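Here is the structure we will look at, set down as structure tokens.
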Number of protein chains: 4
Amino acid sequence: MSSRPAPLPRTAFRHFRAIPTRWMDNDVYGHVNNVTYYSYFDTIVNAFLIEQGALDIVQSPVIGLVVETQCNYFRPLSFPETLDGGLRVTRQGTSSVRYEIGIFRAGEESASAQGHFVHVYVERASGRPAPLPEALRRALAQLATAN
Amino acid sequence: MSSRPAPLPRTAFRHFRAIPTRWMDNDVYGHVNNVTYYSYFDTIVNAFLIEQGALDIVQSPVIGLVVETQCNYFRPLSFPETLDGGLRVTRQGTSSVRYEIGIFRAGEESASAQGHFVHVYVERASGRPAPLPEALRRALAQLATAN
Amino acid sequence: MSSRPAPLPRTAFRHFRAIPTRWMDNDVYGHVNNVTYYSYFDTIVNAFLIEQGALDIVQSPVIGLVVETQCNYFRPLSFPETLDGGLRVTRQGTSSVRYEIGIFRAGEESASAQGHFVHVYVERASGRPAPLPEALRRALAQLATAN
Amino acid sequence: MSSRPAPLPRTAFRHFRAIPTRWMDNDVYGHVNNVTYYSYFDTIVNAFLIEQGALDIVQSPVIGLVVETQCNYFRPLSFPETLDGGLRVTRQGTSSVRYEIGIFRAGEESASAQGHFVHVYVERASGRPAPLPEALRRALAQLATAN
């Protein structure tokens, strides 16, 4: 359990989205529950894809299935803070993409939590792997980093 | 089931808060699930109270217990919309307050959903009813309506 | 705010389902959050309909839209309790049905919370009101009460 | 993205808990959302600790902070299934413990999803690291595996 990563700075990310917390995000200890960060991840990734025209929830013939998620928690956060979610892409394959997300407190330069999220694309009807659609590739190009 | 209320206009409300939807808000039918509206209600009410200095989640010696909630749903909403939540107070007693909340789609004048939320104030330690604290009464005065 | 109903007894309900609570159900005050009760309502109603063959989430040509929900909270509940959800139908129209749900603590005869849930049936494709399907009517007959 | 682990069998786990799904667990694609698995993890771990007398949510002078979570998703699950959650401990330090959780479909021998969850224990008041309490160590001994 010694391999904890260091918090990433804001400059590591290519796209940001404000995440206002909700009352229910706080658990019994008064902090945003560990589960809730993944709903931020889902929201940041999918809102970006929809806004870029790379995902139509109802119509897209291929969809991304989540095959792995992970998160490290560095410092607690609490409702009613509004957070910033940073997004980047660190790996991209024929039919898969790995997003990394950082969650930042307003005014802070290093992430309070960070994690990743791997999508594998499949045909919606058959469930078979499918190449990343062209509109998605164009959107992902904006998020690519050297890392 | 004939007594459905009419949707309220934005002008019925005294305070507004932006509510960005989240991916998980959508249910299997592709719309914000009926349950999720109540998490908007909770968030609108409690964020207002905290910002007004009328609620300290950890320290307040008296806290509001929710004794009744209700919602009417007029038109479906979906992620990734950002909604507006309107807030007003329609009744206020010695130890209780009734909030009404309207949920509006951006650019629309009449509510897509609306409901209420009744808080009864109790001493945190004993659970016994307590009068509304003075700071709360001052905050509520901003939300009062004739209705 | 004087019209609070009395808690219903278990005998008022026709069908029961166990509801194990989850860690996230508790809010910062250490009790099941008011929002979460509605996820119990949804679960009790829809699981009953699916088990009775009256709802196929993906295929049913008509689906129930939730147009109103309401809940009264009498006594707090907490994770890790396992609760019992009681279900009955108190009104049924051509294209609508009103469910009432009671949430009981194990071993207790009167509800800790109770509420209702009104479905209006529509054609999935057009969104136009539709008569309750025959399989649904048969399922609802098991839940009907004199009230 | 080539290092996907193989699904674990039921025999890899030491403790099981039934997890009935809820309507809201399904997302717009009709499957349990990736976020929701972590609410199963939280529930399985904390319910076990409470039942073993190793956690008192309100009183315990030391509490476990979640510092890392991770999940691999192998096969989709859907409401209204009742799932089985398996639990084991694979590493235990002076003030930390790593749980592994497998989520199984009824009647299936290999996990549909699996992940881990690392708790670091701290004094509730100061937030400083604290050794695992004796009652916790006794509970964890039941979950230990060679792996």
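No value in this document is a laboratory result; all are computed from the given coordinates. A quick note: this is a predicted structure, and the numbers were derived from the prediction, not measured. Cβ atoms come from the backbone with ideal geometry, glycine included; neighbour counts cover every protein chain shown.
A compact table of results
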| item | result |
| --- | --- |
| Share antiparallel - DSSP beta bridges, chain A, percent rounded to 5 | 95 |
| Axis-proximal residue, chain B, for the rotation superposing B on C (Cβ, Å) | B:70, 2 |
| Percent of C-alpha pairs per 10 Å bin, chain A, short to long | 11, 41, 32, 15, 1 |
| Projected area, mean over directions - the protein assembly as shown, Cα convex hull, nm² | 26.5 |
| Inter-copy label distances at residue A:6 (7 Å, Cα→Cβ; nm, one decimal) | 3.8, 6.3, 6.8 |
| Helix-derived mean residue ellipticity, 222 nm - over chain C, DSSP H n ≥ 4, -39500 (n - 2.57), to 500 | -5000 deg cm²/dmol |
| Efficiency of FRET between residue D:108 and residue A:11 - r from beta-carbon atoms, R0 51 angstrom, step 0.05 | 0.65 |
| Dipole magnitude of the stretch D:1-50 about its Cα centre (Cβ charges: Lys, Arg +1; Asp, Glu -1), debye to nearest 20 | 240 |
| Chain C, relative contact order [Cα under 8 Å, separation at least 6], % | 31 |
| Ascending count of other beta-carbon atoms within 10 Å, so fewest first, for C:3, B:96 | C:3, B:96 |
| Charged-residue dipole, Cβ positions (Lys, Arg, Asp, Glu), the protein assembly as shown about Cα centre, Debye nearest 20 | 0 |
| Filtered GluC sites (Glu not before Pro), the stretch C:34-121: DSSP coil and at most 11 other beta carbons within 10 Å | C:109 |
| Separation of alpha-carbon centers, the stretch C:64-97 and the stretch D:1-36, rounded to whole Å | 27 |
| Neighbouring partner chain Cβ atoms per residue of D:11-24, average, 10 Å criterion | 4 |
| q = 0.16, 0.25 Å⁻¹, the stretch A:40-109: log10 I(q)/I(0) [Debye, one scatterer per Cα] | -0.68, -1.30 |
| Net +/- balance of residues flanking residue C:61 in space, Cβ distance below 12 Å, scoring K and R +1, D and E -1 | 0 |
| Cα-centre dipole for the stretch A:23-134 with unit charges at Cβ (Lys and Arg positive, Asp and Glu negative), debye to 20 | 340 |
